[in-house]
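**Q** Provided herewith is a single structure, encoded as structure tokens, for subsequent inquiry.
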Amino acid sequence: MDINTILLVASIGQTIFSCPVHSNSSEMYDYYYSTTTLETGVDKDGTTTAVSKNISQDQFNIAWSCLIKAGALNNCKALYVLRLYYKHDILERYGIKTNIQLAEKYEYKFNKYCSHL
């Protein structure tokens, strides 16, 4: 098993779901975001507002595999949200639970590779 498969199996259990994007980490993150998130507008500060889409577990698992792959490739947006997801029970309904060790890993990678943001 390669590291992406190991991370994915560790994240979502025994079933392996495959990201349809193969080499571009920005496209991987965009696949995750567009599958799971619905933009609802812009607030008074100019920040995009969004809500989570109601998607199936399988749809989520495929999107999640893209997010994990993007994180493994040090995509800054992916590292940022992975840190939050593992720090808080934001995605518990999909089986993603708080994991402080993973949160710290992604925070370390975010600080190392994304300090320019």
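**Q** If a/c stays under 1.5 just call it rounded; otherwise compare a/b with b/c (prolate if a/b is bigger, oblate if not). Do that for the chain, with a ≥ b ≥ c from the square roots of the Cα gyration tensor eigenvalues. Working shown, then result.
**A** Values: a/c = 1.44, a/b = 1.18, b/c = 1.22.
Rounded, because the longest to shortest axis ratio a/c is under 1.5.
**Q** Under the definition of Cα pairs under 8 Å and six or more residues apart, what whole-number percent is the relative contact order of the chain? It would help to have the intermediate numbers written out before the result.
**A** Details: 150 pairs, mean separation 26.6, N = 117.
Averaging sequence separation for qualifying contacts and normalising by length gives 23 percent for the chain.
**Q** For S34 and I90 in the same chain, what is the full-extension length gain: residue separation times 0.36 nm, less their Cα-Cα distance, in nm?
**A** Extra length from S34 to I90 when fully extended: 18.4 nm.
**Q** So which DSSP H runs in the chain come out at 30 Å plus along the axis (Cα) with average Kyte-Doolittle of at least -0.5?
**A** Numbers: long enough: none.
Result, helices passing both filters: zero.
**Q** Could you list I68, I62 in order of exposure, starting from the residue whose Cβ has the fewest other Cβ atoms within 10 Å?
**A** Final ranking by Cβ density, sparse to dense: I62, I68.
**Q** Another question, if that's okay. Summing -39500 (n - 2.57) over the DSSP H runs of n ≥ 4 in the chain and dividing by its residue number, what mean residue ellipticity at 222 nm do you reach, to the nearest 500 deg cm²/dmol? Present the calculation step by step, with values, prior to reporting the outcome.
**A** Working: 5 runs with 64 residues, N = 117.
Rounded to the nearest 500, the figure is -17500 deg cm²/dmol.
**Q** Which lysines have a Cα less than 16 Å from the Cα of K112, not counting those fewer than 8 places away in the same chain?
**A** Candidates past the 8-residue exclusion: K77.
**Q** Would you list, by chain and number, the aspartates and glutamates whose Cα falls below 12 Å from the Cα of K87, excluding same-chain residues fewer than 8 positions away?
**A** Partners found: E104, E107.
**Q** Excluding C66 itself, calculate the net charge of residues whose Cβ lies under 10 Å from the Cβ of C66, where each Lys or Arg counts +1 and each Asp or Glu counts -1.
**A** Residues near C66 contribute -1 overall.
**Q** Also, I was wondering about something else. Could you tell me the calculated FRET efficiency between I55 and S115, based on Cβ-Cβ distance and R0 = 35 angstrom, to the nearest 0.05?
**A** In this case the efficiency is close to 0.60.
**Q** Would segment 67-117 count as rounded, prolate or oblate if I go by the C-alpha gyration tensor, calling it rounded below 1.5 in a/c and otherwise prolate when a/b exceeds b/c, oblate otherwise?
**A** It is prolate, given that a/c is not under 1.5 and a/b is the larger ratio.
Every number here is computed from the coordinates shown, using simple stated rules; none is lab data. The model shown is predicted, which means the values in this text are computed figures rather than measured ones. Note: ideal-geometry Cβ built from the backbone for every residue, glycine included; neighbour counts use all protein chains shown.
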